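Sharing a structure with you now.
The values are calculated or read from the model by the stated rules, or taken from the named source; none is laboratory data. Small disclaimer: the values here were computed from a predicted structure and weren't measured. Neighbour counts run over all protein chains shown; Cβ positions are idealised from the backbone, glycine included. With ligands, DNA and RNA removed, areas are computed over all heavy atoms of the protein, side chains included. Shrake-Rupley method; radii C 1.70, N 1.55, O 1.52, S 1.80 Å.
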Amino acid sequence: MARGVNKVILVGTVGRDPENKSMPSGDAIANLSLATNEQWRDKATGEKKESTEWHRIVFYGKLAEIVGMYVRKGQMIYVEGSLRTRKWQGQDGQERYTTEIIASDMQMLGGRPNDGERAPMNQGGYTPNPAPAPRNNNFSNNNNSQPASDYPPASGRNNFEDFDDDIPF
């Protein structure tokens, strides 16, 4: 029997600051809108065309807390998750449906936040860190070592920007 796959991967621009809420259990929820753009050239006229698609993203738990603290309008983010359609009742009593992306992973793209907040990254994504880590040149993957900079690369791999080598390319 064949199994289905429900996986969404988006890279886009945050359309507004996240809306943060808490469930009755105390778990965090964050909602945001993400814009993805597509550009093409019309074959008939040669005119450049652009289309923007808006996506509603929902984050839960620790990821929601991180999004609420560090993600802001205008930032580029990578989101991975799954599609969910939920039914709800409007104020007029009509049943309505909303399709959302339930995020399972998020990476902030494009460097440091604009407002000067620190956004250090751990292997599982961005986590709050009240003090910057001391800068060193330890490129080991040992869990006891500090990253090479306050802001490791989004890929989670070693940071070689300070590596001086005589490679000709």
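Give me a count of the residues in region 1-60 that are in contact (Cβ under 8 Å) with a residue 12 or more places away in the chain and among the hydroxyl-bearing types (Ser, Thr, Tyr).
Here the count works out to 6.
Let me ask something else. Scan region 98-116 for residues that are at pLDDT below 95 and either part of a loop (DSSP other than H, G, I, E, B) or farther than 19 Å from Arg16 by Cα (or both) and report the count.
Total satisfying the criteria: 7.
So, in region 1-40, of the ones that are loosely packed, with under 12 Cβ neighbours inside 10 Å and among the hydrophobic types (A, V, I, L, M, F, W, C), which residue ends up nearest to Gly61 (Cα to Cα)?
Once the filter is applied, the top-ranked residue is Met23.
Still on this structure: Take the residues of region 56-80 that are closer than 15 Å to Val14 by Cβ and among the small types (Gly, Ala, Ser): which is most open to solvent (accessible area, probe 1.4 Å)?
Ranking the candidates gives Gly74 first.
Tally time: how many residues in region 1-45 are outside any strand (DSSP E or B), of a type in the set (Gly, Ala, Ser) and under 18 Å from Met106 (Cα atoms)?
1
May I pose another question? Name the residues in region 41-55 that are of a type outside the set (Ser, Thr, Tyr) and either modelled with pLDDT under 95 or open to solvent by 70 Å² or more (accessible area, probe 1.4 Å) (or both), would you?
Once the filter is applied, which keeps residues that are of a type outside the set (Ser, Thr, Tyr) and either modelled with pLDDT under 95 or open to solvent by 70 Å² or more (accessible area, probe 1.4 Å) (or both), region 41-55 yields Arg41, Asp42, Lys43, Ala44, Gly46, Glu47, Lys48, Lys49, Glu50, Glu53, Trp54.
Conditions tested, residue by residue: (1) farther than 14 Å from Glu100 by Cα; (2) touching a strand residue (DSSP E or B) at 6+ places or on another chain (Cβ under 8 Å); (3) among the β-branched types (Val, Ile, Thr).
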{"position": "Val11", "(1), (2), (3)": "yes, yes, yes"}
{"position": "Val14", "(1), (2), (3)": "yes, yes, yes"}
{"position": "Ala28", "(1), (2), (3)": "yes, yes, no"}
{"position": "Arg41", "(1), (2), (3)": "yes, yes, no"}
{"position": "Gly46", "(1), (2), (3)": "yes, no, no"}
{"position": "Phe59", "(1), (2), (3)": "no, yes, no"}
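In this structure, does Ile77 turn out to be in contact (Cβ under 8 Å) with a residue 24 or more places away in the chain, out of contact with any helix residue (DSSP H, G or I) (no Cβ under 7 Å at 6 or more places or on another chain) and of a type outside the set (Asp, Glu)?
yes
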